[in-house]
Amino acid sequence: MDVNALQGMAVGNPWYAIWPELSLGCLALLLLALEMILPRAAHGRIPLVSIAGQLGILAALAFNFSTPYSAAFNDLLMLSPQGQLMRVFFLISSIFVSILARRSLSWQRVPRVEFHHVVLVVAAAMMLLVESRNFVMLFVALETVTVGLYILVSYYRSNPRTLEAGLKYLVMGALSSALLLFGIVLLYGVAGSPGLAGRTGDPMQYAGLAGFLEANPNNFLAAAGIVLVLSGVAFKIGAFPFQIWIPDVYQGAPTPVTALLAVASKAAGFAVLVVLVTEVFAPYAWLVGPVLTIMAAATILFGNLAALKQNNVKRLIGLSGVSHAGFILLAVVSAAREPMAISAVYFYLYAYLIASFAVFGVMTVLAGSDDTEQELSDYAGLAKESPFLAGVLACGLGSLAGIPPFAGFMAKLFVFVAAFKAGHFGLIAIAVAGVVISIYYYFGWIRTAYFSDEAAVSPKTAERARAGAGLSLGIALAVLTLASIVLGFYQGPLWGWVSGR
Amino acid sequence: MSAPAFDPLLLSIAAPLAVALAIALGLPKRWVVKLAYAGFAVPAVMALGVWWRFGSAAKEAHGYAFLSRYSTGMDQFGIGLKLGLNGISLPLFVLAGLVGFAAGLYAIQSKAERMKTYLLLLLVMHAGLMGTFASVDVFFFYFFHELALIPTFIMVGVWGGRDRTYAAMMMTIYLTVGAMLSLVGLIAIYAKSGASSFDIMVLRDALASRPLGEVTQRHIFGLLLFGFGILVSLWPFHSWAPLGYGAAPSSAAMLHAGVLKKFGLYGLLQIALPLLPFGASQWSHTLAVVAAVGNVLVIGLVTMAQRDLKQMVGYSSVMHMGYAFLGIAAGSVLGAGGVVMLMVAHGLSVALLFLLSTSIHHRTRTFDMEQMGGLAQHAPVLAGLFLAATFASVGLPGFANFWGELPIFVALWNFSPALTVAALTGTVISAIYGLRAAARVFFGPQSKAFIQVASANPPSDIGWAEKLPAFVLVATLLFVGIWPKSFSAAIDRALTNPPAAVVASR
């Protein structure tokens, strides 16, 4: 092959541009190498190496935060401020997942290092997923994420419920990938067809496809493809009617993995959705708008109503997460008419991350060895046994419920303001009803933790609550709670950051 | 507008919060109570200070004084912590300071379990109250209200009496619905005004030059009326109030019924009426009828049927809110001014009644009025204070309540004589239940149950720890009752100058 041609292609491959992904990959390999090199007694330290490494990458990312828009790898990837935002998001998520996993794995007889390894790989793949501007790149990154999650979901393989969750996630994940792929193929086929105006030589590329869609704003095949792609993404974010897998999988998966699914995987879906809706599918707003509007309304109502009667907290948090997906969809819908809505999406995601990990942290501490059976009644009397854990839980749930002075309130406020400016009054009414319903189950949980009588405290809970969170998880929970409160009072830095100012 | 070196308004919010933070971080036990005194006293002192200086203070647009603004990094949304007082917020700010002080003193002398957490929550609530009425920014007005509301739920749920879990849940759901509706209404004003600011002064200017369309005004006012109305226990959304107050620990009930509940009325007066004058005029007839028939007459009769002292006080507070709604519906400067006076007077008197009912409960071990009687022989000072509170609540001249109800009745007469008759009937009803309660509890023969309790545990008169907070409240009631101009001058100026949109609505 011609050396010059190879050089020419390599010029478009700025490897340094994806240094966070590469470092995560190297760190993941390092963990495996350490497991082979180090004596058995020192294996307990390997997760700490993982956490320290991720903190290092996070710090480096913070110092090199501002990036101009620039395409890389022959336009497969786009490095954008939003991409940076999501990189930080996924890193923070994976750090907290690692911290939770240390605690959760200590009760299980399963290999430890591989878990941390897979988490890192998934985090790196999510970053690539969000940065991709090409459907092939998107699909490969998505499958990397999903395959990693297949492993993680069924990680506690001695528990039948976990295996069930793994199988369900596998089947549903395959279905969603198939839908997505079919949509991509339809778009590829129609955008490359020579008979149509604006056809493009590279229809996998977002930019080329966007040009084609602009030239053919009423093509039936393209519309079908768009709906299928949206359905594939809707699986990831757990939007109605593609939320069916959520309760079972969330319940069966190990708690740290549930957190990863609920926060990072969902956020990745939303970041992709925002890019698709604003950059690629914009000419089809006549189709995307109504589809997402109906989806948002149904998601909010379904999530909240289904969560109302749950007694298993993992199912509860899963279904409440569905309703949060609905609120974020409301912002995505508004993005077509109100640019501020995009910033509202990212702010909401961060507020959701902070609040969710606080709740998941408390769940991990109280879960014990059987991770799948966590009932609301296990939280009875938590406030008396451990005021710290109960306080973290109350702040986290308060933020999820969207009550001042927590960050979750600001997030909902921004979404409502954006929706109002975009004129989606009906959706706002549904969202308000959703908030009121959600208060019932969130406060029901807090009530169990705070207001129940002495007699109700189960010995299991008492023992675990007294054992406490431990140092690293304790610090993590304190930081999350503090962040929730501070962002409720003083949103300046985060808002400036998500709106790119 | 920069922040002054000494900002009494910010200090009155920050002091209780700082003490609460110190308690949360594990302040040694002997310091907790001492610092809590400071946390409750600083806002009261600041409130008295600004009351004293308000008349001579430099006024800026819309009659606001003591203005300051602190950026919270949300300037591009027009959100910022802007503090200031005008003639409508000054009386409520003073009310919040004084009732908060009294409730704090009463909480410190009570023997609540887990005192540290109790005081912490009460301090957060106090800070929220001060912030609510000092905020010129609508966003922070709402924010501080919620900051005060959350501790209320927890205090009812943890330290409450009978049915506390149920009551806490019911209050939470009702008040969240109300808060969410009003939030949507406020966002609607923000989005529709085109001013891109939550600053009420900016909003007023913007909407004065470009008023909202009539349909929009009607819808938004309706949202705000229902939202705020639920928060103020507008009939038929009142059922949370007696239940919640019946279960709440006394200091929480004092602060919520006395001060926090006024948030809704204050929101209607300060935000909804001036910004949406047409909407207000569209809704005023419905509001007046509902308030007169529902809140005043129906609830008045319900109140008469109560045997439980605390429930009775709770229902009576729902009933008196009816007068406030009538004043708002009347839509004149006189009516609106009367509402502000009534809010202050009712806040002081209902807080006093809740305080005294708990003191009575300590002596009789029951809230059931059938099982009391003759307590005046044992506790004459308590009896005197309770009578004073009852007279104030009934609206006898000499107490501040009189100056609230009288202007409302006069304004209402111009609005609708028939409704005025209904409202006046309410005064008779409230005199009946108030005086009958005083008679049952303190005078007449002692019931068998009370004789048993009294022999096992002879009741004493109230000591200084209970007297002091009660005296603070009674003294303010009398002071305003005898010299109403101390507030009415400021209220009058706020409502008539600038040419109030309130007038335009009629």
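The values are calculated or read from the model by the stated rules, or taken from the named source; none is laboratory data. The model shown is predicted, which means the values in this text are computed figures rather than measured ones. In this analysis, Cβ positions are derived from the backbone assuming ideal geometry, glycine residues included, and neighbour counts consider all displayed protein chains.
The figures follow:
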quantity: Number of positions in segment B:194-215 that are free of Cβ contacts under 8 Å to residues at least 60 places away in the same chain and in a helix (DSSP H, G or I); calculated: 3
quantity: Within segment B:330-438, helices (runs of 4 or more DSSP H) holding 2 or more residues that are surrounded by 20 or more Cβ atoms within 10 Å (Cβ to Cβ) and touching a Gly at 6+ places or on another chain (Cβ under 8 Å); calculated: B:333-364, B:380-394, B:400-415
quantity: Some residue of segment A:12-24 being over 22 Å from the mean Cα position of the chain (by Cα) and either surrounded by 17 or more Cβ atoms within 10 Å (Cβ to Cβ) or at pLDDT 90 or above (or both); calculated: yes
quantity: Complete set of residues in segment B:422-463 that are more than 25 Å from B:Gly398 (Cβ to Cβ) and among the hydrophobic types (A, V, I, L, M, F, W, C); calculated: B:Ala422, B:Ala449, B:Phe450, B:Ile451, B:Val453, B:Ala454, B:Ala456
quantity: Subset tally (residues that are surrounded by 13 or more Cβ atoms within 10 Å (Cβ to Cβ) and part of a helix (DSSP H, G or I)) for segment A:61-97; calculated: 18
quantity: Extreme residue, farthest from the chain's Cα centre (by Cα), among residues of segment A:391-431 that are closer than 30 Å to A:Ala462 by Cβ and within 11 Å of another protein chain (Cβ to nearest Cβ); calculated: A:Gly391
quantity: Residue in segment A:125-141 that is of a type in the set (S, T, N, Q) and closer than 30 Å to A:Gly211 by Cβ present; calculated: yes
quantity: Subset of segment B:236-281 (residues that are more than 30 Å from B:Leu356 (Cβ to Cβ) and either free of Cβ contacts under 8 Å to residues at least 24 places away in the same chain or among the polar types (S, T, N, Q) (or both)); calculated: B:Gln270, B:Ser281
quantity: Filter result for the condition that a residue is modelled with pLDDT under 85 and either part of a helix (DSSP H, G or I) or farther than 16 Å from B:Phe228 by Cβ (or both), over B:Val302, B:Val293, B:Val318; calculated: B:Val293
quantity: Filter pass, A:Ser458 being facing chain B (nearest Cβ under 10 Å) and hydroxyl-bearing (Ser, Thr, Tyr); calculated: no
quantity: Single unsatisfied condition, A:Ser377 versus (1) within 14 Å of chain B (Cβ to nearest Cβ); (2) modelled with pLDDT under 90; calculated: (1)
quantity: Selected residue (only one of A:Leu196, A:Leu181, A:Leu186, A:Leu170 is within 30 Å of A:Ser98 (Cα to Cα) and not charged (D, E, K, R)); calculated: A:Leu170
quantity: Selection within segment A:156-177 - touching a Ser or Thr at 6+ places or on another chain (Cβ under 7 Å) and surrounded by 19 or more Cβ atoms within 10 Å (Cβ to Cβ); calculated: A:Tyr156, A:Asn159, A:Thr162, A:Ala165, A:Gly166, A:Gly173
quantity: Any hit, segment B:58-79, residues being crowded, with 24+ Cβ neighbours inside 10 Å and either within 14 Å of chain A (Cβ to nearest Cβ) or among the aliphatic types (A, V, I, L, M) (or both); calculated: yes
quantity: Qualifying residue in segment A:338-355 (condition: within 21 Å of A:Ser458 (Cβ to Cβ) and out of contact with any Pro (no Cβ under 8 Å at 6 or more places or on another chain)); calculated: no
quantity: Unique match (being crowded, with 24+ Cβ neighbours inside 10 Å, under 30 Å from B:Pro28 (Cβ atoms) and away from every other protein chain (no Cβ under 13 Å)) among B:Gly87, B:Gly104, B:Gly128; calculated: B:Gly104
quantity: Complete set of residues in segment B:157-171 that are in a helix (DSSP H, G or I) and farther than 19 Å from A:Leu382 by Cβ; calculated: B:Tyr166, B:Ala167, B:Met170, B:Met171
quantity: Failed item in (1) more than 10 Å from chain A (Cβ to nearest Cβ); (2) surrounded by fewer than 24 Cβ atoms within 10 Å (Cβ to Cβ); (3) modelled with pLDDT of 85 or more, with B:Val94 passing the rest; calculated: (2)
quantity: Complete set of residues in segment A:465-493 that are hydrophobic (A, V, I, L, M, F, W, C), within 14 Å of chain B (Cβ to nearest Cβ) and surrounded by 21 or more Cβ atoms within 10 Å (Cβ to Cβ); calculated: A:Leu487
quantity: Any hit, segment B:43-59, residues being within 17 Å of B:Ala107 (Cβ to Cβ) and hydrophobic (A, V, I, L, M, F, W, C); calculated: yes
quantity: A:Asn4 vs. criteria more than 24 Å from the chain's Cα centre (by Cα), part of a helix (DSSP H, G or I) and not hydrophobic (A, V, I, L, M, F, W, C); calculated: yes
quantity: Residue that is farthest from the chain's Cα centre (by Cα) [pool: residues in segment B:1-44 that are without any contact (Cβ under 8 Å) to a residue 24 or more places away in the chain and in a helix (DSSP H, G or I)]; calculated: B:Arg30
quantity: Answer from B:Val259, B:Val298 - the residue that is among the aliphatic types (A, V, I, L, M) and surrounded by fewer than 24 Cβ atoms within 10 Å (Cβ to Cβ); calculated: B:Val298
quantity: Matching residues, segment B:163-192, being surrounded by fewer than 22 Cβ atoms within 10 Å (Cβ to Cβ), more than 7 Å from chain A (Cβ to nearest Cβ) and farther than 23 Å from B:Ala148 by Cα; calculated: B:Lys192
quantity: Boolean, B:Val124 is under 13 Å from B:Ala20 (Cβ atoms), in contact with a Pro (Cβ under 9 Å, 6 or more places away or on another chain) and touching a residue at least 24 places away in the same chain (Cβ under 8 Å); calculated: yes
quantity: Filter pass, B:Gly39 being within 14 Å of chain A (Cβ to nearest Cβ) and more than 24 Å from B:Trp483 (Cβ to Cβ); calculated: no
quantity: A:Gly444 in a helix (DSSP H, G or I), surrounded by fewer than 24 Cβ atoms within 10 Å (Cβ to Cβ), in contact (Cβ under 8 Å) with a residue 12 or more places away in the chain and away from every other protein chain (no Cβ under 12 Å); calculated: no
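Yes or no, residue by residue, for (1) within 23 Å of A:Tyr379 (Cα to Cα); (2) of a type in the set (S, T, N, Q); (3) crowded, with 24+ Cβ neighbours inside 10 Å:
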residue	(1), (2), (3)
A:Ala267	no, no, yes
A:Tyr284	no, no, no
A:Thr299	no, yes, yes
A:Ala306	yes, no, no
A:Lys309	yes, no, no
A:Arg315	yes, no, no
A:Phe347	no, no, yes
A:Ile354	yes, no, yes
A:Val362	yes, no, yes
